[in-house]
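Student: What follows is a structure written as structure tokens; I'll ask about it next.
The values are calculated or read from the model by the stated rules, or taken from the named source; none is laboratory data. All figures in this text were calculated on a predicted structure; none of them were measured in a lab. Positions of Cβ are generated from backbone atoms using ideal geometry, with glycine treated the same way; all protein chains shown enter the neighbour counts. Surface accessibility is based on the protein's heavy atoms, side chains included, excluding ligands, DNA and RNA. Shrake-Rupley method; radii C 1.70, N 1.55, O 1.52, S 1.80 Å.
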Amino acid sequence: MRRVDGDYFGTTVNTAARITAAASGGEIMVSSVAAELAGDHDCVYGEPRTVQLRGLAETTRIILVLRRQA
């Protein structure tokens with residue numbers, strides 16, 4: 001990731017944009033890596049699914065965030 005004139009560029013930014021695009025209105029999608037790092041103490045997740053994100057050679061596992069735990 002690199003920053004140029006206040007904007008960020010790179011694979012990480014592109015991947016985040018593609019994951020966002022995979023979500024429907026009102027949904028929050030995260031990569032399986034982000035879900036693992038957050039752990040299950042903060043959120044309840046749906047079943048992971050593997051998708052082919054546009055512009056990326058490898059498939060990516062994404063997970064729907066169902067709700068924040070109380």
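Student: Please specify each residue of segment 7-24 satisfying the condition of being on the phi < 0 side of the Ramachandran plot and in a loop (DSSP other than H, G, I, E, B).
Tutor: Selection gives A23, S24.
Student: Need the failing condition index for A17 against (1) under 10 Å from the mean Cα position of the chain (by Cα); (2) touching a residue at least 24 places away in the same chain (Cβ under 8 Å), just the number.
Tutor: (2)
Student: Yes or no: T11 at pLDDT below 90 and under 15 Å from the mean Cα position of the chain (by Cα)?
Tutor: yes
Student: For V65, all conditions in the list (1) surrounded by 11 or more Cβ atoms within 10 Å (Cβ to Cβ); (2) part of a loop (DSSP other than H, G, I, E, B); (3) not small (G, A, S) hold save one; what is the number of the exception?
Tutor: (2)
Student: For the structure I just gave you, tell me whether I28 is open to solvent by 90 Å² or more (accessible area, probe 1.4 Å), touching a strand residue (DSSP E or B) at 6+ places or on another chain (Cβ under 9 Å) and β-branched (V, I, T).
Tutor: So I28 passes the test.
Student: Working only within segment 32-62, note down all residues that are open to solvent by less than 30 Å² (accessible area, probe 1.4 Å), touching a Ser or Thr at 6+ places or on another chain (Cβ under 7 Å) and of a type in the set (S, T, N, Q).
Tutor: Within segment 32-62, T60 is the sole residue that qualifies.
Student: Can you tell me which residue in segment 36-65 is modelled with the lowest pLDDT, limited to those that are of a type in the set (G, A, S) and closer than 16 Å to R18 by Cβ?
Tutor: Per the criteria, the residue is G55.
Student: Look through E27, E58, E36 and report the one residue that is in a loop (DSSP other than H, G, I, E, B), over 21 Å from M1 (Cα atoms) and of a type in the set (D, E).
Tutor: Step by step, each of E27, E58, E36 is checked, and only E27 is in a loop (DSSP other than H, G, I, E, B), over 21 Å from M1 (Cα atoms) and of a type in the set (D, E).
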